[in-house]
Structures are given as structure tokens and as C-alpha cells.
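Written below as C-alpha cells is the structure these notes are about.
Taken together, the values in this text are just the output of simple stated rules run on the coordinates, not laboratory data. Given the structure is predicted, the values throughout are model-derived calculations rather than measurements. Here the Cβ positions follow ideal geometry from the backbone for every residue, glycine too, while neighbour counts run over all protein chains shown.
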Amino acid sequence: MRIGIVGAGRIGGNAGKLFARAGHEVMFSFSREPEKLQALADETGGSAGTPAEAGGFGEVVLLSVPWRLVDDALAQAGSLEGKVVIDTTNQFGSGGWEDLGDQTAAQLNAGRMPGAGYVKSFNTLTSGFQAEAAGRSGDERVVLFLCGDDADAKAKVAGLIEDAGFVPVDVGGTADAAVMEAPRREGAVYGEEYRQPEARAVVEALRAGRPIPPAPSY
Ligand SMILES: NC(=O)c1ccc[n+]([C@@H]2O[C@H](COP(=O)([O-])OP(=O)(O)OC[C@H]3O[C@@H](n4cnc5c(N)ncnc54)[C@H](OP(=O)(O)O)[C@@H]3O)[C@@H](O)[C@H]2O)c1
């Protein structure tokens, strides 16, 4: 699959490497230092381009930029209508975590890219942990949660999460995203390692309207 990366830093760069390792074609974009993008391209056998080029190239586009730059990055990428977009962003500004009121960050961002098949994922675990834990096998395989309102887009992203070496677990629509959004806190999966059985228990609790079980420790 062709995947355009907009924001090729810790999360986007790592995800791009994992996708490339699984055999996907990856284009890296959005950096103040284009040579970093070229280094990633050289390392992965992918390519480097502008956000507009990455947006045009990818059947799937992974958006992984600092929160304050989401509008700027999307403006540079151009219309993402018809694309599947994986949003890894978390709502941290210069003053720390931003309270978005009743709206989830996923709802806000999905509204910023009309016509895209929006999926939020790759956002709950640190980049270092994602790099280290990708590809674990058996019972130790780590979960990446996802959510979104487009079932086809979620199925595609779930496949990519598996290709990257994780177990996909769907928490629901963008309205259900708060449980996988910042900040780290009791009652949320954000910032916590989950494996499949405990992640499934979270989803069951959410569906039943019960508080989720305490975060596991392994
Ligand atoms: N780091 C984590 O552990 C983590 C975990 C989960 C989710 N997230 C979320 O994922 C998103 C990306 O985080 P990250 O840690 O990967 O960020 P990062 O390492 O700072 O990378 C951000 C990307 O945006 C580019 N960029 C930054 N400022 C720019 C500017 N002014 N103009 C053009 N390009 C610019 C960076 O390129 P250059 O720096 O090369 O210019 C880089 O390609 C954030 O929303 C974050 O909240 C992060």
C-alpha cells in the first residue's frame, strides 16, 4: 500500500519505518530539515517529498505533527478527500494539555479534513515504546487502540497496525475517543501498555457503559 507521512518525527518516522519494513511504499514529508526526510527515505527504501506530494501519493496518509501545527500541515497537504487518514496527534499546546470541552480531539480533527476516512491511532504510547515493542510475539504483543466513524477506513488501518507489529483494538467512533486521548489518567487507556485480553475488557466495559478496569501492569 502507498502511505504518505505528514510529520516524520518520532512517531511518524517510526511508523513509516515499521510500514516500510512490512513491505509498504512510504513517502516522508513535513520537516524544517529536508535532509532528515531524505535520510528516512534512504533508510527505508521510500521517498521524501512535500506534504502535498505525500498527500497525493498515499492511499493512506499518516498525520503526525505537533498539535499547534495541525491546520498548517493540513493546509500544506491539500485536500485529503477520499484518503484514509491516521491521526496520531495529541492535544498538547505550549501551555500543556488543552481542554477541548465536550468535543474529543478526534472529532475536532476529523472535522478538519472533510471527506477523509479519519482514524485516530498510534497516539496512546510513547514513540520510544512503540519502537521497542513493535513486533513482539504471542501473548506479549502490544495493542494499538484505534477509533473512527468510517468502518472501511478502520479496517484498512487495523491491517496496517498488524503489519506494524501490534494488535489493533477498536474503541468505537470519534465520539468515543476520549478514553484513548490525553492526559494520562485513571479511567483511560492513554499512556498505558495493553495486551489483547485486557484491551478487550476495556472495550466490553465501554460498550456496557461501565467504568473500565484499572490499567494492567505486565
Ligand atoms: N513523541 C511521542 O511519544 C508521542 C506519542 C504519541 C503521540 N504523539 C503525538 O504525535 C504527534 C507527533 O509527535 P512527535 O513526538 O512525533 O513530534 P516530533 O518528533 O516533533 O515530529 C513532528 C514532525 O513535524 C515536523 N515539524 C515540527 N515543527 C515543524 C515546523 N514548524 N515546520 C515544519 N515541520 C515541522 C518535525 O520535523 P523537524 O523537527 O525535522 O522540523 C517532524 O517531522 C504530536 O501530536 C504528538 O502529541 C507523540
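Before moving on, here are some points about what is shown:
- Restricting segment 114-148 to residues that are basic (Lys, Arg) and assigned to a loop (DSSP other than H, G, I, E, B), the residue that is farthest from Phe19 (Cα to Cα): Arg141
- Identity of the residue in segment 151-184, part of a loop (DSSP other than H, G, I, E, B) and touching a residue at least 40 places away in the same chain (Cβ under 8 Å), that ends up surrounded by the fewest Cβ atoms within 10 Å (Cβ to Cβ): Pro183
- When residues of segment 64-79 are limited to those that are within 14 Å of Gly111 (Cα to Cα) and surrounded by 19 or more Cβ atoms within 10 Å (Cβ to Cβ), the one farthest from the ligand (Cβ to nearest atom): Leu74
- Among all residues of segment 33-50, there is at least one that is surrounded by fewer than 22 Cβ atoms within 10 Å (Cβ to Cβ) and near the ligand (Cβ under 8 Å from one of its atoms).
- Residue match in segment 4-21 (condition: away from the ligand (no atom under 11 Å from the Cβ) and surrounded by fewer than 16 Cβ atoms within 10 Å (Cβ to Cβ)): no
- Among the candidates Glu53, Glu25, the residue that is without any contact (Cβ under 8 Å) to a residue 60 or more places away in the chain and either closer than 23 Å to Leu108 by Cα or within 15 Å of the ligand (Cβ to nearest atom) (or both) is uniquely Glu53.
- Per-region count, segment 134-145, residues in contact (Cβ under 8 Å) with a residue 24 or more places away in the chain and either within 12 Å of the ligand (Cβ to nearest atom) or more than 28 Å from Lys83 (Cα to Cα) (or both): 6
- Entirely in segment 28-113, the helices (runs of 4 or more DSSP H) that have 1 or more residues that are of a type in the set (S, T, N, Q) and under 24 Å from Tyr190 (Cα atoms): 105-111
- The sole residue among Lys83, Lys154 that is within 14 Å of the chain's Cα centre (by Cα) and away from the ligand (no atom under 15 Å from the Cβ) is Lys154.
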